[in-house]
1. Where in region A:1-107 are there helices (runs of 4 or more DSSP H), lying wholly inside it, with at least 1 residues that are in contact with a helix residue (DSSP H, G or I) (Cβ under 8 Å, 6 or more places away or on another chain) and among the acidic types (Asp, Glu)?
2. Take residue A:43 and tell me if it is within 30 Å of residue B:44 (Cα to Cα) and surrounded by 23 or more Cβ atoms within 10 Å (Cβ to Cβ).
3. Among the residues of region A:1-23, how many are more than 18 Å from the chain's Cα centre (by Cα) and buried (at least 20 other Cβ atoms within 10 Å of the Cβ)?
4. Suppose we filter A:62, A:26, A:116, A:70 for residues that are more than 27 Å from residue B:40 (Cα to Cα) and surrounded by 19 or more Cβ atoms within 10 Å (Cβ to Cβ); which single one remains?
5. Quick check on my filter: what residues within region B:170-193 are under 19 Å from residue B:138 (Cβ atoms) and touching a His at 6+ places or on another chain (Cβ under 9 Å)?
6. Go over the candidates A:110, A:123 one by one and state the one that is of a type in the set (Ser, Thr, Tyr) and without any contact (Cβ under 8 Å) to a residue 60 or more places away in the chain.
7. Can you tell me which residue among A:155, A:227 is on the phi > 0 side of the Ramachandran plot and not polar (S, T, N, Q)?
8. Taking the options B:71, B:20, B:52, name whichever one is within 19 Å of residue B:244 (Cα to Cα) and of a type outside the set (Phe, Trp, Tyr).
2 protein chains.
Amino acid sequence: MNSKSAIGMFDSGVGGLTVVREVTRLLPEEEIIYFGDTARFPYGSQAPSRIVEYSKENATFLLSQGVKALVMACNTCSAHAYELLQESLSLPIVDVIAPGAKKAVAATQSGHVAVLGTSGTISSLAYQKAIEKENPAVRVTAIACPLLAPLVEERLFHHPATELIAAEYLKSILKSDVDTLLLGCTHYPMLQPILQKIVGNSVSIVNSASACAEELVCVLQEKKLARASSGQIAAHRYFVTDDLKKFQDLAQSFLPGIQGEFSLASL
Amino acid sequence: MNSKSAIGMFDSGVGGLTVVREVTRLLPEEEIIYFGDTARFPYGSQAPSRIVEYSKENATFLLSQGVKALVMACNTCSAHAYELLQESLSLPIVDVIAPGAKKAVAATQSGHVAVLGTSGTISSLAYQKAIEKENPAVRVTAIACPLLAPLVEERLFHHPATELIAAEYLKSILKSDVDTLLLGCTHYPMLQPILQKIVGNSVSIVNSASACAEELVCVLQEKKLARASSGQIAAHRYFVTDDLKKFQDLAQSFLPGIQGEFSLASL
């Protein structure tokens, strides 16, 4: 592995494509190998021990492809398996939680951040702990939003039903001093316009996918693993464990004009 | 095992409680032992081989409790594991798919039935095949409704967002000759009022939970395993593999006033 190698990225499904989008925006010359474990999606409701097992298997697949760095583009995996993978593997690993927490803490003026996530992510307390680690004085209101990822999977990004449901989830913070909304699920950036409309412009939305991509830029530079800028967009490869057609269709909605090679993989 | 033994019932979570409701209505004197595999919910997205494995484990748990009959109160398990369990176990087993299909075929006058289900159930073609087996002349429009079960889990039974989403799923049949709507997911009876409002009174809704309960009545009578009517409601026991509190809360919404003993179980 060297700077010319690809970046490996994994998620339980399509959600991590919001991270692909941000990484492509910041590092267009980097080749990405994406692994979406669609056959075992969703991870959110699985036991932590199983999440660890799945994360290891996904990482092993990407290592076999010779990647130079790993991005855990999945909040559930980041919550339960980041430290373990970091201890057991020698290549640089970036998760989605720590960078998002750091960015939210930097963004808040009022010292009150709201985090949205799946039930699994919220009950793991991963964001709450990551924010506390950055700054124990920052208050956190954590809101489990079990319907938002399914709504995104159904591509109802701008649907009135999505707005009604999101408004319900956000009700408790509308009249509070929360000034920063952290999107703690890789699906949620697809709902950023609707969420911004609900919370208004006085609340900054921190997208953990873009925070993760920014962290990756730093890590690659620090480890001297960044590719030289070529002025060209590198090729991407996408592997999924099930239902390639559904993944490709959703990928087109997440990243219109997405190009690359799509294949089925087995673990 | 004899007629005094309990009926065993399993599902991946709370959905099967709609079957409990129907069985209690028809057979109040029967004791029910319910097993909800909440730790591994949802089953819908898992590989068929895993569904078979889970179904066997759930059945084994209930058999260890000495049940006299098994109800597979889960469409995913019924689709993938019914025949296998029926071949390998000696006690009577009732699934949710065959009875629902039979009832829908009997109900339709126009010969055109619509089936709603999760993506997993619809793509398994289980209802389509079961209806064809009953009467090959009946046409079937199968509609995957991935958001309906999550909406029920969030208890949005009468929410405007649920109505908007359900209306979208049902759009294609509104101006068709469909006269029978088969609810092919144990969560959906909770949405029956909203679904009836959308399709109008000229469409009959067939609830596969109640069809399953009716089938159970026949099977118990045929096998001489029915309890004598006592005029009293028998005690029920509920076992779940995770998050007992969430199950109890949801159970109260599904079956207001639900009583019984609730415990955590491990497989």
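The values are calculated or read from the model by the stated rules, or taken from the named source; none is laboratory data. Keep in mind that what you see is a predicted model, and the values were worked out from it rather than measured. As a convention, Cβ positions derive from the backbone with ideal geometry for all residues, glycine included, and neighbour counts pool all protein chains shown.
1. Fully inside region A:1-107 and qualifying: A:17-26.
2. Criteria met by residue A:43.
3. Total meeting the criteria: 1.
4. Working: A:62 fails: more than 27 Å from residue B:40 (Cα to Cα); A:26 fails: surrounded by 19 or more Cβ atoms within 10 Å (Cβ to Cβ); A:116 fails: more than 27 Å from residue B:40 (Cα to Cα).
One residue alone meets the criteria, A:70.
5. Passing the criteria: B:173, B:176, B:177, B:178, B:179, B:180.
6. From the options A:110, A:123, the qualifying one is A:123.
7. The conditions single out A:155.
8. Residue meeting the stated conditions: B:20.
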